[in-house]
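Participant: Here's a structure for you.
The values are calculated or read from the model by the stated rules, or taken from the named source; none is laboratory data. Only a predicted model underlies this, so the values are computations on that prediction, with no experimental measurement involved. We place every Cβ from the backbone using ideal geometry, glycine too, and count neighbours over all the protein chains shown.
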Amino acid sequence: MPTASQVSDSTSTVLATVLQLHQVTKQYHQQTVPAIDQVSLQLHQGELLALLGPSGCGKTTLLRTIAGFETPERGWIELAQQPVCGQGATVPPERRDVGIVFQDYALFPHLCVFDNVSFGLKHLSRHRRLSNNQIQTSVKEAIHLVGLAGFERRYPHELSGGQQQRVALARALAPRPSLVLLDEPFSNLDVQVRLYLRQEVRSILKGVGASGIFVTHDQQEALAIADTVAVMRAGRIEQLGSPEEIYEQPASKFIADFVTQANFIQAHRSAEGWQTILGLVDDSMVQPTDQGSGSLMLRQEELHLESVDTNETALVICDREFLGREYKYTIVHPTEGKLQARTPARFDVGQSVKIMIKPHPASLRVFI
């Protein structure tokens, strides 16, 4: 399995390793299978990694294990090239040099923005690693970094959801940790704020050169923010790659279905190409394979719709969803079931259409 560093650009080879996991396994007593199972990965300075997967796949457990809230039964973890778990080391969460942004923000309602952000720095002051003046400066810098200058004396109930999320991020960044962990940080926000803030958070983390790992079940969010995406299933990393690699070259039918919401139709190889119920697909459009038949993956944007007169071969649009710049249509095929297509063209529900496959060269895959 490739590491996060191997799927980053070539400059990552000269950057320091911030995080390394080796064969990390965590199993709860009530479970018959591990919550995380032999997970290995590596993260370099400044990289953003998304842990993507459906509910129950182990992504939050993995994040909590990196943070130190869970102890694995096997494997080891290094932060900033220092062992924090396994290899004879057990470092508690507060000493792992990790900043954490929780799903519910976890702000103290009785503390103002300034005091919430400074809370994480207090233990450094008690251990004489930071003076009070240094804490004041760090807090002001963090609040300014997330765009909340002038809000220092406001309380959480006086802030919007997006502003509360910024406070949580400022608190995580104030100690300048080696790694920032974000547990579904945008799930409690409305759509417009979520779309805006996720790019803001990426810009902020990139601006300070921070390394980050964030958990999400939102495919678009992972592809938009991360440098590297780890798709998880049943406690394992099923594929680790750049957003483009995950989308264009899914390693399994599960990933093709979960990440791209692709259609699958039966295909059989012949001398002319791949025979399908939607027509012949040229062999040059399919990634090389030794298989003679299987499920052909068709992304929604690779299905082209054309209006036709009603006849015995026509298909009927049964649902339409307006997405802003395009529509998503659902068409029921008598043998292949529901097929979904995305296109800017407008059709009406109940309208008869024909479907043509229009992929890019070598963009399609066949799965068993």
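Participant: Only one of these is under 25 Å from the mean Cα position of the chain (by Cα) and at pLDDT below 95: GLU312, GLU301. Name it.
Facilitator: One residue alone meets the criteria, GLU301.
Participant: Checking VAL353 against (1) under 30 Å from ASP290 (Cβ atoms); (2) touching an Asp or Glu at 6+ places or on another chain (Cβ under 8 Å): exactly one of these is not met. Which one?
Facilitator: It fails just one condition, (1).
Participant: So which residues in region 195-232 are among the polar types (S, T, N, Q) and more than 17 Å from LYS59 (Cβ to Cβ), if there are any at all?
Facilitator: Matches in region 195-232: GLN199, SER203, SER211.
Participant: Taking TYR247 as meeting all but one of (1) touching a helix residue (DSSP H, G or I) at 6+ places or on another chain (Cβ under 7 Å); (2) surrounded by fewer than 20 Cβ atoms within 10 Å (Cβ to Cβ); (3) part of a loop (DSSP other than H, G, I, E, B), write down the number of the exception.
Facilitator: Answer for TYR247: the failing condition is (3).
Participant: Going through region 338-368 one residue at a time, which ones are on the phi > 0 side of the Ramachandran plot and over 29 Å from the mean Cα position of the chain (by Cα)?
Facilitator: GLY350, the sole residue that qualifies.
Participant: What do you reckon, is ASP309 touching a Ser or Thr at 6+ places or on another chain (Cβ under 9 Å), free of Cβ contacts under 8 Å to residues at least 40 places away in the same chain and exposed (fewer than 13 other Cβ atoms within 10 Å of the Cβ)?
Facilitator: Values: touching a Ser or Thr at 6+ places or on another chain (Cβ under 9 Å): yes; free of Cβ contacts under 8 Å to residues at least 40 places away in the same chain: no; exposed (fewer than 13 other Cβ atoms within 10 Å of the Cβ): yes.
Taking the combined requirement at face value, the residue does not satisfy it.
Participant: Which condition does ALA149 not pass, out of (1) of a type in the set (A, V, I, L, M); (2) in contact with a strand residue (DSSP E or B) (Cβ under 9 Å, 6 or more places away or on another chain); (3) without any contact (Cβ under 8 Å) to a residue 12 or more places away in the chain, if it passes all the others?
Facilitator: Failing condition for ALA149: (2).
Participant: Could you pull out the residue among PHE258, PHE347, PHE264 that is surrounded by 13 or more Cβ atoms within 10 Å (Cβ to Cβ) and part of a loop (DSSP other than H, G, I, E, B)?
Facilitator: Going through PHE258, PHE347, PHE264 in turn, the sole match is PHE347.
Participant: Let me ask something additional. Residues of region 288-334 being of a type in the set (Val, Ile, Thr) and over 28 Å from GLN249 (Cβ atoms), which ones?
Facilitator: VAL308, THR310, THR313, VAL316, ILE317, VAL332
Participant: Test GLY294 against the stated conditions and say whether it is at positive phi and surrounded by fewer than 13 Cβ atoms within 10 Å (Cβ to Cβ).
Facilitator: When the stated conditions are applied, GLY294 does not pass them.
Participant: Looking at region 267-306, which of its residues are within 14 Å of PRO359 (Cα to Cα), without any contact (Cβ under 8 Å) to a residue 60 or more places away in the chain and part of a strand (DSSP E or B)?
Facilitator: LEU280, LEU303, HIS304, LEU305
Let's see how each residue does on (1) surrounded by 20 or more Cβ atoms within 10 Å (Cβ to Cβ); (2) more than 16 Å from GLU141 (Cα to Cα); (3) within 17 Å of the chain's Cα centre (by Cα):
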{"residue": "ARG176", "(1), (2), (3)": "no, no, no"}
{"residue": "VAL180", "(1), (2), (3)": "yes, yes, yes"}
{"residue": "ASP183", "(1), (2), (3)": "yes, yes, yes"}
{"residue": "LEU189", "(1), (2), (3)": "no, yes, yes"}
{"residue": "VAL193", "(1), (2), (3)": "no, yes, no"}
{"residue": "ARG202", "(1), (2), (3)": "no, yes, yes"}
{"residue": "LEU205", "(1), (2), (3)": "yes, no, yes"}
{"residue": "VAL208", "(1), (2), (3)": "no, no, no"}
{"residue": "ILE213", "(1), (2), (3)": "yes, yes, yes"}
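Participant: When you scan region 76-188 for strands (runs of 3 or more DSSP E) that lie fully inside it, which ones turn up with 2 or more residues that are of a type outside the set (Gly, Ala, Ser), within 21 Å of LEU205 (Cβ to Cβ) and out of contact with any Asp or Glu (no Cβ under 9 Å at 6 or more places or on another chain)?
Facilitator: 179-183
Participant: Filter region 195-229 down to residues that are in a helix (DSSP H, G or I) and in contact (Cβ under 8 Å) with a residue 24 or more places away in the chain, then give me how many there are.
Facilitator: 17
Participant: Quick one: what pairs do we get from region 245-260, first residue free of Cβ contacts under 8 Å to residues at least 60 places away in the same chain, second in a loop (DSSP other than H, G, I, E, B), C-beta under 9 Å, 6+ apart or different chains?
Facilitator: Pairs found: TYR247/ARG299; ASP257/PRO250; THR260/PRO250; THR260/ARG299.
Participant: Counting just the residues of region 1-22 that are in contact with a helix residue (DSSP H, G or I) (Cβ under 8 Å, 6 or more places away or on another chain) and modelled with pLDDT of 90 or more, which one comes out nearest to GLN45 (Cα to Cα)?
Facilitator: Only one residue fits best here, namely THR17.
Participant: Hey, does region 23-33 have a residue that's polar (S, T, N, Q), more than 28 Å from VAL208 (Cα to Cα), assigned to a loop (DSSP other than H, G, I, E, B) and at pLDDT 90 or above? Give the steps one after another, and end with the answer.
Facilitator: Pass one, region 23-33, residues polar (S, T, N, Q): 23, 25, 27, 30-32.
Remaining after also requiring more than 28 Å from VAL208 (Cα to Cα): 23, 25, 27, 30-32.
Subset that is assigned to a loop (DSSP other than H, G, I, E, B): 27, 30-32.
Within this subset, residues satisfying the condition of being at pLDDT 90 or above are 27.
Yes, region 23-33 contains at least one residue that is polar (S, T, N, Q), more than 28 Å from VAL208 (Cα to Cα), assigned to a loop (DSSP other than H, G, I, E, B) and at pLDDT 90 or above.
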